[in-house]
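Colleague: So that we are looking at the same thing, I have put the structure below in structure tokens.
The values are calculated or read from the model by the stated rules, or taken from the named source; none is laboratory data. Fair warning: this is a prediction, and the values are worked out from it, not measured in the lab. With ideal geometry, Cβ positions are generated from the backbone for all residues, glycine too; neighbour counts draw on all protein chains shown. Please note that ligands, DNA and RNA were not included when accessible areas were found on the heavy atoms of the full protein model with its side chains. Shrake-Rupley method; radii C 1.70, N 1.55, O 1.52, S 1.80 Å.
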Amino acid sequence: MLDYSQYENILESISGGFFALDNEYRIAYWNHAAELGTGLKAAEVVGKNVFEIFPNAKDAELGDKYRLAMDTKTFQSLETAYKDERFEAWYDVRIYPATDGLSVFFQDITEKKHDQRQKEILVEISKAINTSKHLDELCVQAAEKIALLFEIPSKFVCLYLYDDKGNEVRLVAPALYDVEFSQEIVHQRVGPDAYCLPAQAAYSKKAIVTDALGESTASELFLAEIEKLHLKTLMVVPLIVQDEVQGVLEVMTIKEENFVAGELEILSVVANELASGMSRKRLLDELRRKNVELENQTQKTQEASDTLKKFLATFSHELRSPLNSIIGFSDLLTTQFEGLTPEAVQDFMKNINASGKHLQQIINDILDLSKIEAGRMELHIASYPVSYFEDSLRRVLAAQIKEKDIRLEFGFSSEFEEIVVDQTRFRQILINLISNAIKFSHRSGAVRVSSERVGNDLQFEVRDEGAGIRPEEVGNLFKPFKQASNGRELNQQGIGLGLAITKKLIELHGGSIWIDSEYGKGTSARFRIPLVIDATSERLKQAEMLLDALQRENRPSENGEKPLALIIEDSAQASELLRLHVESAGYRVELANDGAEAIEKAKRLHPSVITLDLMLPVKDGWQVMKELKRHPLCKHIPIIIVSIVDEKNLGFSLGAVDYFVKPVNKEDLLSAMDRVRVEPKTNSQVPKVLVIDDDRAATDLIEVILENEGYQVLKAFHGKEGLEIAAREKPDVIILDLIMPEMSGVNVAYQLKQIPATRSIPIIILTSMEIDQETQEQLGSYVSGIMSKSSFTKKDLLREIGNIESFR
């Protein structure tokens with residue numbers, strides 16, 4: 001055995017550890033550097049087998065190197081590590097064979113290894129930052145690299161992203177596709193009362209080190225594996241850049257809590273790099289998003305500009321055509337009336353009327369589309385019999401059907417008798433689709449409308465066997481001002497808004513629409529809306545609103561007898577509900593189940609008020625209205641129409657005091673009941689109407705209408721003049737425009753109600769402006785009615801005045 005004592009001065013002076021092994025692998029010499037490097041004294045190891053002192057080396061690569069050097073007498077070297085729950089060190093080991101053993105030199109390269117590992121992981125994270133497409137991908141890749149650094153499964157490295165808008169940290173890594181963490185773990189609210197450690201670290205902006213591994217993210221799913229790997233400590237580190245939290249990193253290690261300073265140091269460097277990368281990636285993502293938004297906005301702006309240009313070109317053309325007709329024929333009537341035959345005058349007037357209606361339809365389409373786009377179109381949903389729409393559609397489209405000799409066929413499913421929709425808008429949907437189908441159909445062709453239930457939806461189809469649409473044009477059909485090429489030929493008056501409005505109305509109902517067409521063979525327009533089956537609640541709501549109105553009108557007669565209400569309704573359920581409610585309000589009630597019975601009872605009983613449904617057997621509601629209004633004993637009985645049929649103009653023209661399409665607004669119904677308080681006039685004085693409007697054409701038109709009906713008409717062309725005439729003449733009714741110079745109509749209405757002499761005069765608003773909620777609130781209770789200049793008729797004007805006169 002070599003005597004190492006003669007080399008002791010040299011061996012003790014070297015910086016590296018040195019020990020000698022004899023042929024039996026017993027330690028023969030152990031220098032001071034070896035004591036410092038391992039923490040083991042020479043007295044503890046000399047004479048003992050090296051594999052007894054370092055049992056982990058026996059079956060490891062280091063043990064193989066010892067044996068290979070001993071057996072072959074060759075030089076061996078390697079870098080090896082020693083790890084336990086307290087200690088981790090890396091050594092560069094060099095093994096020299098000797099005559100009777102081995103000489104082993106080892107150098108502690110732990111710091112070098114740490115620096116090397118740190119650089120490698122930072123390079124890998126930098127790659128992940130540069131190659132990942134978005135933040136979530138960056139977090140997943142970074143977590144995998146950090147897992148390699150700490151030699152643990154990647155599912156035990158968790159990365160959270162901080163969301164400043166929601167003030168929460170969101171779990172992004174690990175990306176596990178076969179299991180899911182609970183939402184309480186995935187989304188953690190950041191605050192002083194945060195329960196989970198990542199949220200606590202994000203709030204405090206300080207690292208958390210604990211041996212409570214049960215509080216780790218992974219413990220929710222992998223606690224048994226954590227225990228099997230003998231992991232001891234959990235480190236939760238906030239990722240911060242310039243005091244702004246980017247996320248949270250959570251890692252576990254086999255070291256005990258008191259011995260993780262080295263890991264925390266490495267983790268801190270990694271966290272800083274990762275946080276900087278996340279911050280840069282956020283900025284880049286935000287920049288990309290802004291660029292995409294800018295591109296989209298630019299595209300939308302360009303599309304909007306193109307659409308506006310096309311709209312102005314199309315709209316001006318479409319307006320000019322009917323306007324030219326109106327102006328041209330009215331000029332002829334004005335300048336050449338004396339030389340025209342009655343037939344020519346009638347033809348000219350028909351042309352003016354048709355052009356005016358076409359112009360009104362164009363404007364209505366534009367307004368409908370603008371309301372939908374602005375989110376100001378509200379649906380009034382109620383339950384309606386499917387059969388109603390068939391009858392209504394045939395009536396509305398009769399002229400178009402007759403012109404092309406079209407067979408309009410209906411095949412509604414018998415699976416449902418009622419649908420819950422906005423009656424007016426749903427009918428508009430069907431009218432637009434059927435009208436288009438007729439337009440594309442060949443003469444004497446057929447259009448079929450059918451329905452079926454598809455899951456929880458109702459699917460409707462409008463099918464024609466006409467010209468069809470080219471495949472490349474189908475995608476543009478629902479865009480405003482777009483028409484198929486053959487559609488432009490077949491529809492000279494359209495401006496391409498019908499299908500755009502139809503699509504948006506269907507979407508307002510929660511549905512969708514699509515077109516299937518084969519060019520030259522026909523087209524199918526199909527749409528779906530959610531299936532809702534609940535008619536009873538609407539009937540109950542209707543009955544309750546009517547009850548509220550009747551309670552206000554419950555005035556016993558002079559002899560103390562209860563007032564009588566005649567309810568004309570063919571539905572037994574609806575009649576029974578109304579009867580019970582109305583009787584409980586103190587009324588006597590009579591029911592009529594069909595039109596003939598209704599007329600007979602009204603003539604015989606003279607009720608105080610009549611509620612009328614229009615869809616009646618034997619005689620429909622329209623016939624009932626006509627006969628009652630012609631009968632001298634019944635013509636003064638107030639009739640309120642409550643029906644699913646939306647034909648207000650016809651209802652008012654026949655003498656209804658009000659008209660509501662179900663569901664009825666409670667306040668509207670109460671107001672209607674107020675209007676039925678008919679009291680006879682005490683004198684025969686000609687009623688006087690004051691019109692306040694700066695539009696002279698409008699005042700002249702009103703003057704002609706009212707004077708022909710026996711009214712005296714006074715005119716004022718601005719607000720101040722109107723106030724003076726009202727105070728002096730004390731008219732029975734004032735018709736007021738809202739848009740005037742110097743003083744607005746709202747201000748005029750307010751001042752009229754402040755002056756004792758004019759306070760009680762009813763005011764009717766007649767204006768071309770859109771009445772929004774704010775204006776309605778401003779008008780408050782000042783006015784008795786509101787009409788639109790764009791659509792009012794002689795009947796509308798006389799009805800509004802008649803309703804007010806019934807108060808007087």
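Colleague: Exactly one condition in (1) modelled with pLDDT of 80 or more; (2) buried (at least 18 other Cβ atoms within 10 Å of the Cβ) is not met by Glu409; state its number.
Modeller: (2)
Colleague: Would you say Arg470 is touching a strand residue (DSSP E or B) at 6+ places or on another chain (Cβ under 7 Å) and more than 21 Å from Ile529 (Cβ to Cβ)? Reasoning before the result, please.
Modeller: Numbers: touching a strand residue (DSSP E or B) at 6+ places or on another chain (Cβ under 7 Å): no; more than 21 Å from Ile529 (Cβ to Cβ): yes.
Criteria not met by Arg470.
Colleague: Can you tell me which condition Gly328 does not meet? The list is (1) at pLDDT below 85; (2) open to solvent by 60 Å² or more (accessible area, probe 1.4 Å), and all the others hold.
Modeller: Looking at each condition in turn, Gly328 falls short on (2).
Colleague: If you don't mind, another one. Which members of the range 595-622 meet the condition of being charged (D, E, K, R) and more than 14 Å from Ser571 (Cβ to Cβ)?
Modeller: First, the residues of the range 595-622 that are charged (D, E, K, R): 597, 600-601, 603-604, 613, 619-620.
Of everything in the range 595-622, those that are charged (D, E, K, R) and more than 14 Å from Ser571 (Cβ to Cβ) turn out to be Glu597, Glu600, Lys601, Lys603, Arg604, Lys619, Asp620.
Colleague: Continuing with the same structure: Return yes when Gln183 is touching an Asp or Glu at 6+ places or on another chain (Cβ under 9 Å), more than 30 Å from Asn56 (Cα to Cα) and not aliphatic (A, V, I, L, M) and no when it is not. So that I can check it myself, show each step before the final result.
Modeller: Details: touching an Asp or Glu at 6+ places or on another chain (Cβ under 9 Å): no; more than 30 Å from Asn56 (Cα to Cα): yes; not aliphatic (A, V, I, L, M): yes.
Here the answer is no, as Gln183 does not meet what is asked.
Colleague: Quick one: in the range 519-536, of everything that is over 17 Å from Ser435 (Cβ atoms) and among the basic types (Lys, Arg), which residue is modelled with the lowest pLDDT?
Modeller: Initial filter on the range 519-536 (over 17 Å from Ser435 (Cβ atoms)): 519-521, 528-536.
Keeping just the survivors that are among the basic types (Lys, Arg) gives 521, 528.
On the way: Lys521: 85, Arg528: 92.
Among residues in the range 519-536 that are over 17 Å from Ser435 (Cβ atoms) and among the basic types (Lys, Arg), the one modelled with the lowest pLDDT is Lys521.
Colleague: Still on this model: Just need a number here: residues in the range 115-156 that are surrounded by fewer than 18 Cβ atoms within 10 Å (Cβ to Cβ), more than 36 Å from the chain's Cα centre (by Cα) and over 27 Å from Leu229 (Cα atoms).
Modeller: 4
Colleague: For the range 159-185, which positions are within 22 Å of Glu144 (Cα to Cα) and outside any loop (DSSP other than H, G, I, E, B)? Break it down stepwise before answering.
Modeller: As a first pass, look at the range 159-185 and keep what is within 22 Å of Glu144 (Cα to Cα): 159-162, 169-182, 185.
Passing the criteria: Leu159, Tyr160, Leu161, Tyr162, Val169, Arg170, Leu171, Val172, Ala173, Ile185.
Colleague: Regarding the range 185-195, can at least one residue be identified that is under 22 Å from Glu286 (Cα atoms) and open to solvent by less than 50 Å² (accessible area, probe 1.4 Å)?
Modeller: There is no residue in the range 185-195 that is under 22 Å from Glu286 (Cα atoms) and open to solvent by less than 50 Å² (accessible area, probe 1.4 Å).
Colleague: In the range 453-468, how many residues are open to solvent by 10 Å² or more (accessible area, probe 1.4 Å) and more than 27 Å from the chain's Cα centre (by Cα)? I'd like the intermediate steps shown before the answer.
Modeller: Taking the range 453-468 and keeping what is open to solvent by 10 Å² or more (accessible area, probe 1.4 Å), we get 453-457, 459, 461, 463, 465, 467.
Next cut, more than 27 Å from the chain's Cα centre (by Cα) only: 463, 465, 467.
Total meeting the criteria: 3.
Colleague: Pick out the one residue from Gly191, Gly262, Gly277, Gly214 that is in contact with a Phe, Trp or Tyr (Cβ under 7 Å, 6 or more places away or on another chain) and of a type in the set (Gly, Ala, Ser).
Modeller: Numbers: Gly262 fails: in contact with a Phe, Trp or Tyr (Cβ under 7 Å, 6 or more places away or on another chain); Gly277 fails: in contact with a Phe, Trp or Tyr (Cβ under 7 Å, 6 or more places away or on another chain); Gly214 fails: in contact with a Phe, Trp or Tyr (Cβ under 7 Å, 6 or more places away or on another chain).
One residue alone meets the criteria, Gly191.
Colleague: What residue, among those in the range 201-222 that are part of a helix (DSSP H, G or I) and within 23 Å of Phe259 (Cβ to Cβ), is most open to solvent (accessible area, probe 1.4 Å)? Before the answer, list the steps.
Modeller: Taking the range 201-222 as the starting set, the residues that turn out to be part of a helix (DSSP H, G or I) are 201-204, 213-215, 219-222.
Add one more test, that the residue is within 23 Å of Phe259 (Cβ to Cβ), and what stays is 201, 213-215, 219.
On the way: Ala201: 0, Leu213: 19, Gly214: 60, Glu215: 103, Ser219: 18 Å².
Ranking the qualifying residues of the range 201-222, first place goes to Glu215.
Colleague: Determine the pairs where a residue that is in a helix (DSSP H, G or I), located within the range 23-44, has a partner that is exposed (fewer than 14 other Cβ atoms within 10 Å of the Cβ) with Cβ atoms under 9 Å apart, the partner being 6 or more residues away or on another chain.
Modeller: Qualifying pairs under 9 Å: His32/Glu12; Ala33/Glu12; Ala33/Ile14; Ala33/Ser15; Glu35/Lys41.
Colleague: In addition: Mind counting the residues in the range 157-170 that are surrounded by 21 or more Cβ atoms within 10 Å (Cβ to Cβ) and touching a Phe, Trp or Tyr at 6+ places or on another chain (Cβ under 7 Å)?
Modeller: 1
Colleague: Those residues that are of a type outside the set (D, E, K, R) and open to solvent by less than 60 Å² (accessible area, probe 1.4 Å), I need them from the range 55-70; list them, please. Walk me through it before giving the result.
Modeller: So in the range 55-70, the residues of a type outside the set (D, E, K, R) come out as 55-57, 60, 62-63, 66, 68-70.
Within the range 55-70, Ala57, Ala60, Leu62, Gly63, Tyr66, Ala69, Met70 qualify.
Colleague: When the residues of the range 226-238 are narrowed to those that are part of a helix (DSSP H, G or I) and not basic (Lys, Arg), which ends up surrounded by the fewest Cβ atoms within 10 Å (Cβ to Cβ)? Walk me through it before giving the result.
Modeller: Going residue by residue through the range 226-238, those that are part of a helix (DSSP H, G or I) are 226-228.
Still in the running and not basic (Lys, Arg): 226-227.
Values: Ile226: 20, Glu227: 11.
So the residue we want is Glu227.
Colleague: So which of Leu138, Leu122 ends up being at pLDDT below 85, within 19 Å of Tyr162 (Cα to Cα) and of a type outside the set (Lys, Arg)?
Modeller: On the way: Leu122 fails: within 19 Å of Tyr162 (Cα to Cα).
Of Leu138, Leu122, the one residue that is at pLDDT below 85, within 19 Å of Tyr162 (Cα to Cα) and of a type outside the set (Lys, Arg) is Leu138.
Colleague: Among the residues that make up the range 482-495, is at least one of them in a loop (DSSP other than H, G, I, E, B), at pLDDT 85 or above and open to solvent by less than 30 Å² (accessible area, probe 1.4 Å)? Lay out the reasoning, then the answer.
Modeller: Taking the range 482-495 as the starting set, the residues that turn out to be in a loop (DSSP other than H, G, I, E, B) are 482-484, 491-495.
Applying the additional criterion that residues be at pLDDT 85 or above yields none.
No, the range 482-495 has no match at all.
Colleague: Something else about it: Taking the range 142-157 on its own, how many of its residues are in contact with a helix residue (DSSP H, G or I) (Cβ under 8 Å, 6 or more places away or on another chain) and over 14 Å from Ala275 (Cα atoms)?
Modeller: We begin by selecting, within the range 142-157, every residue in contact with a helix residue (DSSP H, G or I) (Cβ under 8 Å, 6 or more places away or on another chain); these are 142-150, 153-157.
Then keep just the ones that are over 14 Å from Ala275 (Cα atoms); that gives 144-145, 147-150, 153-157.
The qualifying residues number 11.
Colleague: For residues that are within 15 Å of Leu149 (Cβ to Cβ), open to solvent by 30 Å² or more (accessible area, probe 1.4 Å) and not in a helix (DSSP H, G or I), tally how many sit in the range 239-295.
Modeller: Residues that pass the stated criteria total 1.
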